[in-house]
Every structure is written in structure tokens, then in C-alpha cells.
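The values are calculated or read from the model by the stated rules, or taken from the named source; none is laboratory data. These numbers come from a predicted model, not from an experiment. When we count neighbours, we look across all protein chains shown, and the Cβ atoms used for this are built from the backbone with ideal geometry, even at glycine. In case anyone asks, the SASA skips ligands and DNA or RNA and just uses the protein heavy atoms, side chains included. Shrake-Rupley method; radii C 1.70, N 1.55, O 1.52, S 1.80 Å.
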Amino acid sequence: MTAMRKYVLAAMTAAAAVGILLRPGELSGAVGDAVAACLGVLIPALFAFTVLAVYLQRSGLYMTALVPLTKPLSLLLGIPGELCAVFLLANIGGYPVGARLLAQLVRSGRLSRRDAERMLCCCYGSGPSFVIGTAGTVVFGSAAVGGAIYAACFLSSLIIAVFVCRTGERITLSGGEVRADLTAECFVRSVDSGARVMYTVCIMSVAFSALTALLESTGVNRLTAELLGAMGCGGNSSRILPALLDVTRVREIVPSGEFAVPLCAGLLSFGGVCVIIQVLAVSGGSVPVRGLLASRFPAAVLSAVLSLPAGLMTDSSAAVYAANTGTAEVFSVNAGLSACVMAMAGMLILSFGKPRDGS
């Protein structure tokens, strides 16, 4: 099996090399567009919140900041509050965060690989900054629509969490809790790590844009679009495969297309092949991903169904305006991102000075 995989990968690599040599114009154009999108869309939407999420994770403050939410969530899911904090941060901080935290717990011997695999099914999701800033304001011209899409994706993860945590053996943790690191060095390292995360996201997006350009030049994307069009996907048929490969391509969804809002929600819940590869790299083999892969289709369907009411909030004129204005204008009024940052800061401030269990 390993030898077969090696030959398949070698053949795919050789085919990609031939495609790069034969189609340099298409690839250079795709790479240029992807770089422009990273600078104009992804970094403005993600950087501030990425740094905040990394700092909460590295400092261990997420355990304190999320206490008002972890206690009721622990009663609902029947798992320790620390794992509830991991669930929340994973669905707030972005796709690879949950895999990183779970891998740390496995390597420290506090969580079994089997339980980590179960938790990863729900500790996976896009952060609100990307959903609101991209799917909301860029695609639909409305932060409220982005917020509704994020709520649908989050609720989908919560439903899966209830199913995973309430069936089978109880998920438990051993050992002590994470200790907070409030040093200035931790903050500086968090900013640096946030920048590295953005670099990884952007460079992977550029690489998958080149891959998508190769698929388009060989007719694969056109064939897929025709098949999806026959299934009723309408004007967005040609945009589904690129978004399945790289979730950042949801920014290209046509808002006037059939079921555009559920399509965005489903794609964001799936996360894309690019993100799954990053999760594999982050887990480093500590956390099996079979459960995650099995959960993506039901999660995408759940998110799509739960987002149907958000379709009533879309304004076609606002969406067209958003699609044809500069990115700077779009992000100058990103109320969703500001609200998320303020909410996190408020929870952190309110939780300071409260006694912790066992302290």
C-alpha cells in the first residue's frame, strides 16, 4: 500500500511539473490573483483575531477567559471544563487550533488518542473573523449574514459534540490544568506565531490556487462544474471544486446563485483539503483524523440546513456592491470582527479575580 501511494504521488508530481511547464501563463496569473487576495482579503480579515487566538492558547488564558461558557457546556456535553474550553477555542480560533491543543494533551499523557480522535470531530471550525469578514462582508455585503453563517457552523459543531461526547465511554482527562503564562515574552511570541500562521495560510492558499489553475487548464474543473450544474448547483457550479480544495475560495461564491448561503456554510464547515492537510501536519500523528474525515459530510449538511434562514437576510444589491468595491471599504466597517474581539476581552476581564476550582 505504501509503495502504491509512493508511485501515485510520484505520477501526480510529474504531471504537475508538466502542467507548470506547459501552462506558465495561467499559473502565474492564478498565483498573482491569490497573492492579491491574501493581501487584500485574508490578512485584513484574519490577522488581528489570529494573534488574539494564539495568545489565548499560548498563555493558557483561554481556560480563564472561557469559564463563563465552559461550565454550562460541561453540563451539556458531560466532559471536563478544560475540554470544553478546547472546543470553544477550536471553533473561535480557526481550523488547526483544535488539533494543536488536542495533540498537546495527547503528548502530555492527559488524553487518550481515541478520545482525541472523537474530540477532533467537533474541535474543528472556521473562526468568526474569517466567516464574517469574508463570507459575510465580501460575498454578501452583510456582516449580519456572515454572523448567521458562523452561528450555523458553530451550532453544527455543537450538535456533533453532543453526539460524540454523549455516546460511548465518557471522555476524561488526567493530571492538572494548564497554567497561565502572562509574561511579555509570551505575548511577543504569540504575535510572531500569529504572523507565522498567516504566512502558512496564505502560502497554502497560493499553492492551491496554482493547483486549481492546473485543474482548470486540463478541463477537470469544467467537467466537475458540468456535473454539479446537472445536480442543480447553478451559477456556483464552477466555484465548488476550488472551494473544496481551498476554503478561502468561498470569497468567489456568487451571492445571487442558488442556495448561496447554505453553500457557503457547507463549504466552511467542510474546511477544504488544504485545511485538512494542515490539521494532519499540526497533529503530527498524535491525533488520528479518521473520525474528522467521517464527520465532515454530516457537518457540512447540518451547517447548510441550519443556515437556510440566513438566506432571508441577504440583500442582492448590497451583495453586488460588496463584490465590486475595494477591500479597504469592506473591512473599514467590519463590526463583526470588532464585536468578537470585544466579547472575548470582556469575558477575560470579568473572569479575573474569580476563584478557580482547586485554587
Query raised in the report: Between residues in the range 69-86 that are closer than 14 Å to S157 by Cβ and residues that are open to solvent by less than 30 Å² (accessible area, probe 1.4 Å) and of a type in the set (K, R), which pairs lie under 8 Å by C-beta distance while being six or more apart or on different chains?
Result: none
Query raised in the report: Are any residues in the range 203-236 β-branched (V, I, T) and over 25 Å from L39 (Cβ atoms), and if so, which ones?
Result: T218, V220, T224
**Report entry** Hits in the range 179-196 - residues which are at pLDDT below 80 and of a type outside the set (D, E, K, R)
**Finding:** A180
**Report entry** Of all residues making up the range 285-340, the number that are at pLDDT 80 or above and either more than 23 Å from A45 (Cα to Cα) or surrounded by fewer than 13 Cβ atoms within 10 Å (Cβ to Cβ) (or both)
**Finding:** 21
Query - Residues satisfying the stated conditions in the range 206-220, i.e. closer than 17 Å to G25 by Cβ and in a helix (DSSP H, G or I) - result: V206, S209, A210, L211, T212, A213, L214, L215, E216, S217
Query - Criterion violated by R170 - all others in (1) open to solvent by 50 Å² or more (accessible area, probe 1.4 Å); (2) in a helix (DSSP H, G or I); (3) out of contact with any Lys or Arg (no Cβ under 7 Å at 6 or more places or on another chain) satisfied - result: (2)
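To keep it simple, each residue is scored yes or no on (1) buried (at least 20 other Cβ atoms within 10 Å of the Cβ); (2) at pLDDT below 90; (3) farther than 22 Å from P309 by Cβ; (4) out of contact with any Cys (no Cβ under 9 Å at 6 or more places or on another chain).
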| residue | (1), (2), (3), (4) |
| --- | --- |
| N91 | yes, no, no, no |
| R114 | no, no, yes, yes |
| C123 | yes, no, yes, yes |
| S129 | yes, yes, yes, no |
| G133 | yes, yes, no, yes |
| G141 | yes, yes, no, yes |
| I149 | yes, no, no, no |
| S157 | yes, no, no, no |
| V164 | yes, no, yes, no |
Query raised in the report: Looking at the range 254-278, which of its residues are part of a loop (DSSP other than H, G, I, E, B) and open to solvent by less than 10 Å² (accessible area, probe 1.4 Å)?
Result: G271, G272
**Report entry** Selection status of A281, open to solvent by less than 40 Å² (accessible area, probe 1.4 Å), in a helix (DSSP H, G or I) and closer than 23 Å to F208 by Cα
**Finding:** no
Query raised in the report: Given the conditions (1) in contact with an Asp or Glu (Cβ under 7 Å, 6 or more places away or on another chain); (2) surrounded by fewer than 21 Cβ atoms within 10 Å (Cβ to Cβ), and given that P80 satisfies all but one, which numbered condition is not satisfied?
Result: (1)
Query raised in the report: Consider G235 against the criteria (1) in contact with an Asp or Glu (Cβ under 8 Å, 6 or more places away or on another chain); (2) at pLDDT below 85; (3) open to solvent by less than 20 Å² (accessible area, probe 1.4 Å): it satisfies all of them except one. Which criterion is unmet?
Result: (3)
Query raised in the report: Is there any pair linking a residue in the range 256-272 that is on the phi > 0 side of the Ramachandran plot to one that is open to solvent by less than 10 Å² (accessible area, probe 1.4 Å) and modelled with pLDDT under 95, with Cβ under 6 Å and at least six apart or on different chains, and which?
Result: G271/V247; G272/D246; G272/V247
Requested in this report: Filter the range 218-227 for residues that are surrounded by fewer than 17 Cβ atoms within 10 Å (Cβ to Cβ) and on the phi < 0 side of the Ramachandran plot and give the result.
Outcome: T218, V220, R222, L223, E226, L227
Report task. Give me the pairs, please: first residue somewhere in the range 104-123 and within 11 Å of S283 (Cβ to Cβ) and among the acidic types (D, E), second residue anywhere and surrounded by fewer than 17 Cβ atoms within 10 Å (Cβ to Cβ) and modelled with pLDDT under 95, beta-carbon distance under 9 Å, and either six or more positions apart or on two chains. Result -> E117/P288; E117/R290
Report summary line: Note on the range 244-253: residues part of a helix (DSSP H, G or I) and not hydrophobic (A, V, I, L, M, F, W, C) are T248, R249, R251, E252
Query raised in the report: Given the structure, is V191 open to solvent by 10 Å² or more (accessible area, probe 1.4 Å), closer than 21 Å to V97 by Cα and in a helix (DSSP H, G or I)?
Result: yes
